[in-house]
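Here the structure comes first, spelled out in structure tokens, and everything after it is commentary.
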Amino acid sequence: MTATIVPAPRRARPATGESTDVLVVGGGVGGVAAALAACEGGARVVVVEPYRWIGGQLTSQAVPPDEHRWIETTGSTASYRRFRRGVRGYYRDWYALDRAADDALLNPGNGWVSPLCHEPRASLAVLRAMIAPWCAAGRLVVHTEARLLAAHTDGDTVRGVSVRLSDGTVREISARLVLEASETGELLSLAGIEHRTGTESRDQTGEPSAPERAGPLNMQAATVCFALEHVDGDHTVDRPDGYERWRTLTPPGWPDRLFSWTYPDPRTGRPVTGRFTPNPERAAASMEEALRAPELWTYRRILDRRAFRPGLLPSDVTIVNWPMTDYLDGPLFDVPDAEWHLRRAREFSLAFLYWLQTEAPRPDGGCGYPGLRLRPDVTGTPDGLAQAPYIRESRRLRAVTTPTEQDLSVAVRGAAGAVRYPDAVGTGHYRIDLHPSTGGDGYLDVAAHPFEIPLGALLPQRVTNVVAAGKALGTTHITNGCYRVHPAEWSIGEAAGALAAFCLATGSTPHAVRERPGLLADFQDALTRRGVDLRWPEGTALPQE
């Protein structure tokens with residue numbers, strides 16, 4: 001007779017206390033940048049991250065960087081550029097590169113979405129190295145796989161949070177300043193900090209592209225990304241539940257079924273048919289060429305086998321984050337069935353993979369690519385899907401300053417460029433890029449000028465010791481589309497972390513730094529000394545469309 005051992009349910013251990021100068025809620029791109037800046041400014045920092053890997057978009061979400069055309073030289077921060085150098089150095093030091101690929105602008109995947117398409121594990125290694133000295137010094141504590149349970153407030157102040165750690169311990173963490181760097185703006189909800197979700201109406205924002213009515217649950221679709229290679233053999237996954245519905249689904253405004261090679265051009269709405277060639281012999285020479293004849297395999301390819309010693313890699317490795325993988329059935333937060341939607345989003349991604357392996361049309365007239373194989377080692381998960389969903393749109397702070405479409409749209413601003421803010425604390429650039437939404441909206445893709453990040457967008461209207469350090473800053477649904485990408489999120493986080501350290505050193509509050517010209521000038525000088533670009537060089541405005 002064989003005994004079956006059933007593990008006892010994990011019970012929360014008695015609560016223990018922890019006190020720090022700065023608490024960072026979320027260890028994603030903005031959270032890591034915030035922690036680094038705060039530590040470098042002399043603060044003690046605790047980071048609380050729900051997933052196993054720090055790095056957010058770069059790691060647990062498996063999204064190669066979305067970056068602007070000037071990223072190699074300007075429009076970011078010295079620490080972000082150091083991170084990028086670290087990624088390239090990681091490959092030069094530890095991978096057998098082909099001689100032709102060992103150049104100053106090494107792109108390990110030769111993907112056309114970014115000049116630095118690379119593995120999530122490479123980002124993770126570099127980020128861990130960047131924080132290691134502060135962890136060794138005892139100035140930085142990072143709790144991964146830690147779930148936020150509650151926020152503790154006192155009037156207009158957040159005193160701390162309750163967190164369940166990975167071992168089941170409930171930890172009460174108090175802090176003088178709290179930085180909101182989570183992927184969904186979780187602290188805003190738990191602490192009752194005023195915020196928005198979904199779409200604002202045109203009456204609320206005056207934005208040309210805003211809808212007539214607001215839709216708080218009408219959010220950009222999330223995506224559960226996954227990593228693939230193409231090798232010999234049949235690696236077809238089990239047919240997922242719900243597959244039949246998804247394989248026949250045609251979203252509003254879509255020219256064909258969602259599971260097909262044809263989808264709307266985000267900029268024009270016209271049908272475009274992508275190509276799919278596993279392990280092609282040539283990549284697009286430019287983004288413009290790629291957009292004319294989009295090759296999906298190389299779009300977010302993170303390892304190009306030809307960039308390394310011949311025979312090292314049996315296949316390229318690519319990340320699947322394509323128009324067909326946006327989960328449209330519902331939001332992943334602020335709804336009662338959010339956990340159900342998250343499970344469905346993961347099932348949906350597996351359904352698309354199953355379609356690729358069994359039904360996707362091939363140029364030779366056949367169907368399916370059974371040689372497509374998931375790479376669980378790339379994502380750090382048993383199933384090969386990313387640890388975390390790619391959340392494009394967070395809860396958004398009701399902030400002192402809210403950048404709107406008319407502040408940076410090329411069509412609205414013309415040759416004047418984006419609005420300049422006297423309290424600028426960083427820069428960014430990306431098109432206003434909104435994916436289809438859970439409410440049935442299609443793409444919105446609007447040219448935007450290089451923009452500045454105003455300090456007022458990081459500050460709540462009411463709460464005095466919380467600063468946005470990521471995608472929860474005070475944008476609109478529309479301007480979130482260009483503030484949400486990797487280098488902008490890093491700049492937001494770095495500004496928040498540096499602000500926290502500055503406030504602790506000067507005995508001031510975040511709002512006072514913005515409101516008092518002398519303090520603001522001193523803080524901006526400190527950012528400049530850190531290597532933060534506060535302004536764009538003259539001549540970087542885009543021509544009017």
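Tabulated data
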| quantity | calculated |
| --- | --- |
| Neighbours by Cβ (under 7 Å, 6+ apart or cross-chain): first from segment 183-199, touching a residue at least 40 places away in the same chain (Cβ under 8 Å); second assigned to a helix (DSSP H, G or I) and among the small types (Gly, Ala, Ser) | 183/56 |
| Which numbered condition residue 510 misses (of (1) open to solvent by 10 Å² or more (accessible area, probe 1.4 Å); (2) touching a residue at least 60 places away in the same chain (Cβ under 8 Å); (3) not hydroxyl-bearing (Ser, Thr, Tyr)) | (1) |
| Residue tally, condition of a type outside the set (D, E, K, R), in a loop (DSSP other than H, G, I, E, B) and at pLDDT 95 or above, over segment 110-126 | 3 |
| Qualifying positions in segment 315-350 - touching a strand residue (DSSP E or B) at 6+ places or on another chain (Cβ under 9 Å) and without any contact (Cβ under 8 Å) to a residue 60 or more places away in the chain | 322, 341, 342 |
| First in segment 392-409 and outside any loop (DSSP other than H, G, I, E, B), second anywhere and modelled with pLDDT under 95 and basic (Lys, Arg), Cβ under 6 Å, 6 or more apart | none |
| Number of positions in segment 410-427 that are under 23 Å from residue 461 (Cα atoms) and either open to solvent by 20 Å² or more (accessible area, probe 1.4 Å) or not in a loop (DSSP other than H, G, I, E, B) (or both) | 8 |
| Matching residues in segment 127-177 - criterion: being out of contact with any strand residue (DSSP E or B) (no Cβ under 9 Å at 6 or more places or on another chain) and in a strand (DSSP E or B) | 154 |
| Residues (open to solvent by less than 70 Å² (accessible area, probe 1.4 Å) and either of a type in the set (Phe, Trp, Tyr) or closer than 15 Å to residue 53 by Cβ (or both)) located in segment 136-162 | 142, 143, 144, 146 |
| Selected residue (only one of 336, 361, 323 is surrounded by fewer than 16 Cβ atoms within 10 Å (Cβ to Cβ) and either under 24 Å from residue 271 (Cβ atoms) or aromatic (Phe, Trp, Tyr) (or both)) | 361 |
| Count of segment 460-490 residues which are assigned to a loop (DSSP other than H, G, I, E, B) and under 21 Å from residue 222 (Cα atoms) | 13 |
| Residues located in segment 51-105, provided they are open to solvent by 40 Å² or more (accessible area, probe 1.4 Å) and small (Gly, Ala, Ser) | 100, 104 |
| Residues that are over 30 Å from residue 527 (Cβ atoms) and open to solvent by 20 Å² or more (accessible area, probe 1.4 Å), drawn from segment 428-446 | 435, 438, 439, 440, 441, 442, 443, 444, 445 |
| Output for segment 369-387, where each listed residue is touching a residue at least 24 places away in the same chain (Cβ under 8 Å) and assigned to a loop (DSSP other than H, G, I, E, B) | 369, 370, 371, 375, 380, 383, 384, 386, 387 |
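The values are calculated or read from the model by the stated rules, or taken from the named source; none is laboratory data. The model shown is predicted, which means the values in this text are computed figures rather than measured ones. A quick note on method: Cβ atoms are made from the backbone with ideal geometry, for glycine too, and the neighbour counts reach across all protein chains shown. Quick note on the areas: whole protein, heavy atoms, side chains included, nothing else; ligands and nucleic acids left out. Shrake-Rupley method; radii C 1.70, N 1.55, O 1.52, S 1.80 Å.
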